[in-house]
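See below for the structure under consideration.
The values are calculated or read from the model by the stated rules, or taken from the named source; none is laboratory data. Note that the structure is predicted; figures quoted are calculated from it, not measured. Positions of Cβ are generated from backbone atoms using ideal geometry, with glycine treated the same way; all protein chains shown enter the neighbour counts. For the accessible areas, the whole protein counts, side chains as well, though only heavy atoms, and no ligand, DNA or RNA atoms are used. Shrake-Rupley method; radii C 1.70, N 1.55, O 1.52, S 1.80 Å.
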Amino acid sequence: MKAMILAAGKGTRVRPITQTIPKPMIPILQKPVMEFLLELLRQHGFTEIMVNVSHLAEEIENYFRDGQRFGVEIAYSFEGRIEDGQLIGDALGSAGGLKKIQTFQPFFDETFVVLCGDALIDLDLTEAVRRHKAKGAMASLITKRVPRELVSSYGVVVTDPEGRVLSFQEKPAVEEAASDMINTGIYIFEPEVLDVIPEGVPFDIGSDLFPLLVKQGAPFYALPMEFEWVDIGKVPDYWQAIRSVLQGEVRQVQIPGKQVRPGIYTGLNVAANWDKITIQGPVYVGGMTRIDDGATIIGPTMIGPSCHICEGATIDNSIIFDYSRIGAGVRLVEKLVFGRYCVDRNGDHFDLQEAALDWLITDSRRLDHGAPSPQQKAMAQLLGSDLAITGAS
């Protein structure tokens, strides 16, 4: 069977991570989120998979290639152009990407599934397709019930008693929401749906195609299902996804490595004297990371591979990407460290280089880790207690 993964977006709501990593490649404990989607598709017999790419396309293509090692076949549809020798991404929208593939050579010739490349899901796709066919639908979207106080974060789907889609509300106020069923970004289509998508223009599934299907009175249904769905569309979502995985709340994601203490998992060859480190799980530490004596790590926390956590540093409820050096005495509370950026759990971030703070947090591969000047210490103190020096020398 055939499927498509939508992977062409720029991921603006997950910046700065997506400045160098496309959303489908964002790691969930060192494993790209799109890899989990491929595993799900293969499990349910979807082995011919199209992926549309645009922003940082080479990162996705170089990792997944033709899909052989994942037990599937993958082909890519690039959306963009070359200007002055540079590859420029220019996404066509989710529906426009489907149309581009079908115009090139008809590929979608049977019932097919479309998944957004930025969510962890544990859905019975076989049952979803069965329900789609039982409805005689041209298009179906999988919906999920959420607590009413959360509806303002999602696209709400309004249906008649038979499940036929009547309308949508995009992130409505709680008191205005007509339903507590939300669009999960999981779609099932018949090939005929492609006939109503215009060619060569940006066209989105949610904002363009679906309203058009409703207007035309097409057999378009919502399929409410109970399943695990962890969205990583925004930085706070990613934060919560990592916390949920570390706390064992996401069935399809196992914490990798070995458990060296209760709730403490590590990759290969981590350099740490656990008797001289204050640590409280759940914590994952990637391979070839060094943790100096006197450091404090409080979970849920993920520390990537090849990091260096210096003496006296405190990592509390934080996410540290690979090759990060957290300087002596630095205290990070509810922070995400990614390259030259420090991000809080709401997505607000600053550039450590521009702030002249790359002596506090920097690349672990650098050799020039000099002592901070009094001026640098004073600047760090201005950032407050959640990113401060407490005795660095």
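Given the criterion closer than 28 Å to GLU334 by Cβ and not aromatic (Phe, Trp, Tyr), identify the matching residue among LYS171, LYS215.
Residue meeting the stated conditions: LYS171.
For (1) at pLDDT 90 or above; (2) closer than 19 Å to TRP229 by Cα; (3) open to solvent by 60 Å² or more (accessible area, probe 1.4 Å), each residue gets a yes or a no:
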{"site": "VAL158", "(1), (2), (3)": "no, no, no"}
{"site": "PHE168", "(1), (2), (3)": "no, no, yes"}
{"site": "LYS171", "(1), (2), (3)": "no, yes, yes"}
{"site": "GLU175", "(1), (2), (3)": "no, no, yes"}
{"site": "ASP180", "(1), (2), (3)": "no, yes, no"}
{"site": "ILE188", "(1), (2), (3)": "yes, yes, no"}
{"site": "VAL193", "(1), (2), (3)": "yes, no, no"}
{"site": "VAL196", "(1), (2), (3)": "yes, no, no"}
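Looking only at the stretch 188-209, count every residue that is within 27 Å of the chain's Cα centre (by Cα) and within 16 Å of LEU92 (Cα to Cα) and tell me the total.
Number of matching residues: 9.
I'd like the full set of residues that are touching a helix residue (DSSP H, G or I) at 6+ places or on another chain (Cβ under 9 Å) and β-branched (Val, Ile, Thr), limited to the stretch 127-156.
ILE142, VAL146, VAL151
Look through ILE389, ILE303 and report the one residue that is touching a strand residue (DSSP E or B) at 6+ places or on another chain (Cβ under 9 Å) and modelled with pLDDT of 70 or more.
Checking each option against the conditions leaves just ILE303.
So the check is Cβ under 6 Å with 6+ separation or different chains; which pairs have a first residue in the stretch 269-295 that's open to solvent by less than 40 Å² (accessible area, probe 1.4 Å) and a second one that's of a type in the set (Phe, Trp, Tyr) and not in a helix (DSSP H, G or I)?
Going by the 6 Å Cβ cut-off, the qualifying pairs are TYR284/TYR265.
Out of GLY294, GLY304, GLY263, I need the residue that is at positive phi and in contact with an Asp or Glu (Cβ under 6 Å, 6 or more places away or on another chain). Which one?
Of GLY294, GLY304, GLY263, the one residue that is at positive phi and in contact with an Asp or Glu (Cβ under 6 Å, 6 or more places away or on another chain) is GLY294.
Across the stretch 7-23, what is the total count of residues that are part of a helix (DSSP H, G or I) and either among the hydroxyl-bearing types (Ser, Thr, Tyr) or modelled with pLDDT of 90 or more (or both)?
2
Can you name every residue in the stretch 216-257 that is open to solvent by less than 20 Å² (accessible area, probe 1.4 Å) and not hydrophobic (A, V, I, L, M, F, W, C)?
Hits for the stretch 216-257 are GLY233, TYR238, SER244.
For the stretch 93-109, how many residues are open to solvent by 40 Å² or more (accessible area, probe 1.4 Å) and touching an Asp or Glu at 6+ places or on another chain (Cβ under 6 Å)?
Of the residues in that region, 1 qualify.
Take PHE64 and tell me if it is within 26 Å of VAL214 (Cβ to Cβ), among the aromatic types (Phe, Trp, Tyr) and crowded, with 19+ Cβ neighbours inside 10 Å.
no
If you go through the stretch 66-98, how many residues are on the phi > 0 side of the Ramachandran plot and not acidic (Asp, Glu)?
Residues flagged as on the phi > 0 side of the Ramachandran plot and not acidic (Asp, Glu) within the stretch 66-98 amount to 5.
Can you tell me how many residues within the stretch 16-53 are under 19 Å from LYS234 (Cα atoms) and polar (S, T, N, Q)?
Looking only at that region, the number is 4.
Tell me which residues, restricted to the stretch 35-56, are within 21 Å of THR126 (Cβ to Cβ), in contact with a Phe, Trp or Tyr (Cβ under 7 Å, 6 or more places away or on another chain) and open to solvent by less than 10 Å² (accessible area, probe 1.4 Å).
LEU38
Mind checking whether some residue in the stretch 84-103 is more than 19 Å from LYS23 (Cα to Cα), among the acidic types (Asp, Glu) and within 22 Å of the chain's Cα centre (by Cα)?
The answer is no, given that none of the residues of the stretch 84-103 is more than 19 Å from LYS23 (Cα to Cα), among the acidic types (Asp, Glu) and within 22 Å of the chain's Cα centre (by Cα).
Only one of these conditions is not met by GLU127: (1) of a type outside the set (Gly, Ala, Ser); (2) within 24 Å of VAL253 (Cα to Cα); (3) under 24 Å from the mean Cα position of the chain (by Cα). Which number is it?
It is condition (3) that GLU127 fails.
Any chance you could count how many residues in the stretch 240-278 are touching a helix residue (DSSP H, G or I) at 6+ places or on another chain (Cβ under 9 Å) and modelled with pLDDT of 90 or more?
5
Out of (1) farther than 20 Å from PHE227 by Cα; (2) modelled with pLDDT under 90; (3) more than 24 Å from the chain's Cα centre (by Cα), what's the single condition that is false for MET138?
Every condition holds for MET138 apart from (2).
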